[in-house]
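Colleague: Supplied in structure tokens, the structure appears directly below.
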Amino acid sequence: MFTEFQLDKANIYTWLAWQNPPGRQLHQAIMERILDPTHRDAQKFVTWFKALYDL
């Protein structure tokens, strides 16, 4: 069973695995701007990411 944070991480890496090219690391996706932090569906991820890295 996943914790809430593990589930979020599993979801983002699953999403990255389905992108073209597949298997980007999270930092690459952020640097390449394939993640849009202003999109309404991204706000939960942005909140989690900031909490994870104490930003």
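Colleague: Please verify whether segment 25-34 includes one or more residues that are at pLDDT 80 or above, more than 12 Å from the chain's Cα centre (by Cα) and at positive phi.
Modeller: No, segment 25-34 contains no residue that is at pLDDT 80 or above, more than 12 Å from the chain's Cα centre (by Cα) and at positive phi.
Colleague: Go through segment 26-55 and give me each residue that's without any contact (Cβ under 8 Å) to a residue 24 or more places away in the chain, part of a helix (DSSP H, G or I) and loosely packed, with under 13 Cβ neighbours inside 10 Å.
Modeller: Residues satisfying the conditions are His27, Gln28, Met31, Arg40, Asp41, Gln43, Thr47, Lys50, Ala51.
Colleague: For segment 8-25, give me each residue that is surrounded by 10 or more Cβ atoms within 10 Å (Cβ to Cβ) and of a type in the set (Ser, Thr, Tyr).
Modeller: If the condition is that a residue be surrounded by 10 or more Cβ atoms within 10 Å (Cβ to Cβ) and of a type in the set (Ser, Thr, Tyr), then Tyr13 is the only one that fits.
Colleague: Continuing with the same structure: Under 8 Å between Cβ atoms, at least 6 apart or on separate chains: pull out the pairs that start in segment 1-16 with a residue that is closer than 14 Å to Ala51 by Cβ and end on any residue that is modelled with pLDDT under 85 and charged (D, E, K, R).
Modeller: Short answer, once both residue conditions are applied: Asp8/Lys44.
The values are calculated or read from the model by the stated rules, or taken from the named source; none is laboratory data. The structure displayed is predicted, hence computed values, not measured ones. Positions of Cβ are generated from backbone atoms using ideal geometry, with glycine treated the same way; all protein chains shown enter the neighbour counts.
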